[in-house]
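Comments concern the structure below.
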Amino acid sequence: MSEPEHPAVTFGQEIRYARETRGWSQATLADKLCCQQPYVSKVERGAQLASATFAEQCDKVFGTPGVYARMRERAADAGNPAWLVPYLQLEREAATVCDYSPVLVAGILQTPEYAEAVYRSARPDDSVLSIKQRVEDRMRRKEVFDRPNPPSFWVILQEAVLWSGLGGADVMRGQLEHLVAVSEHPSITVQVLPFGGTPVRGTPFILLRQQDGTEVLYAENYVQEQVHDSPEAIAEARATYERLRANALSLPDSLSLIRHVMEAYRHEHHPRPHPRDMGEVQLQRRQRRNLRRMGPHIRLWHRPRP
């Protein structure tokens, strides 16, 4: 039984058919779309899923309002689990997104290297190709910030997320550098809930407010992920998020802490070969404990009590 055709291939075939029907070359289409001919070639071959902007421009050029944009959107969602697709649609249409991440960096803010480490940890039996595809699917979520009116995205991270060491010192340093960089985006705000701050809730959740003012709650647990729209669940989640936000560090202090942890990883040794004796194992454990202990020493970020 042959494997189903990848959605990027199907999308590319439709673009090629529309172009050839009009008697255009790839270079002609590229000129009309204000892009490069090699990019058109990659899209048509299915070697790369077109960007949302490319699909929107195709609709203008071919006179097909929304057809290719919707087709491309379905192709982008196809690689994600079925339970995640409704959330992705809500995320794209949201006015504000409030994310609480006590375990991992929020998916939409992950670097490719960090995302790969997440998937390798969660799915150690998956193939290299499967993990690569999952990482690419996750990276495409960032396209929402390239839109004319992107959602206002607010994320609260537990401090433990910063010190987790997931993927090694180099991966974590790169991820923290990325958090500092994206914090400069006018639509993205990052706060850190420090050690000793009241966690209120141990599992991640996301509140999304749509353009029409309605709110939905996306919550995760070990068994399943669900989208809730009941007023009671949303009100409770909103109150919880406000308490988390009140207990978190201020925005400048959150960035200062992220930079501090980033420097700690910068001075951490690169990954070493497997130790040859138990003495080296114990030494490495002590070094890791010392790295973790640096976190709780950061107390200057607590705002003074009135």
Open item on the list: Tell me yes or no: at least one residue of the stretch 132-154 is surrounded by 15 or more Cβ atoms within 10 Å (Cβ to Cβ), aliphatic (A, V, I, L, M), within 15 Å of the chain's Cα centre (by Cα) and over 30 Å from Gln57 (Cα atoms).
Closed with: no
Open item on the list: For the stretch 192-214: of the residues being assigned to a strand (DSSP E or B) and surrounded by fewer than 20 Cβ atoms within 10 Å (Cβ to Cβ), which is modelled with the highest pLDDT?
Closed with: Arg209
Open item on the list: Can you pull out every residue in the stretch 11-50 that is among the β-branched types (Val, Ile, Thr) and either in the same structural domain as Arg140 (by TED's automatic domain parsing) or surrounded by fewer than 14 Cβ atoms within 10 Å (Cβ to Cβ) (or both)?
Closed with: Thr21
Open item on the list: Would you confirm whether or not the stretch 52-64 contains a residue that is surrounded by fewer than 17 Cβ atoms within 10 Å (Cβ to Cβ), of a type in the set (Ser, Thr, Tyr) and within 30 Å of Leu244 (Cβ to Cβ)?
Closed with: no
- [ ] Look at Ile234 and say whether it is assigned to a helix (DSSP H, G or I) and either closer than 21 Å to Leu90 by Cα or in contact with a helix residue (DSSP H, G or I) (Cβ under 8 Å, 6 or more places away or on another chain) (or both).
- [x] yes
TODO: Select the helices (runs of 4 or more DSSP H) contained entirely in the stretch 51-134, then report the ones holding at least 1 residues which are under 25 Å from Gly168 (Cα atoms), at pLDDT 90 or above and in the same structural domain as Gly196 (by TED's automatic domain parsing).
DONE: 112-122
- [ ] For the stretch 144-166, indicate whether the set of residues that are part of a strand (DSSP E or B) and of a type in the set (Phe, Trp, Tyr) is non-empty.
- [x] yes
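Given the criteria within 30 Å of Gly202 (Cα to Cα) and without any contact (Cβ under 8 Å) to a residue 60 or more places away in the chain, does Ile108 qualify?
Yes; evaluated as a whole, the condition is true for this residue.
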TODO: Among what's in the stretch 215-232 and is modelled with pLDDT under 85 and among the β-branched types (Val, Ile, Thr), pick the residue that is surrounded by the most Cβ atoms within 10 Å (Cβ to Cβ).
DONE: Val227
Task: Residue selected from the stretch 88-116 under the condition over 12 Å from the mean Cα position of the chain (by Cα) and buried (at least 21 other Cβ atoms within 10 Å of the Cβ), by the criterion nearest to Val192 (Cα to Cα) - done: Tyr100
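The values are calculated or read from the model by the stated rules, or taken from the named source; none is laboratory data. Since the model is a prediction, treat every value here as computed from it, not as a measurement. Cβ atoms come from the backbone with ideal geometry, glycine included; neighbour counts cover every protein chain shown.
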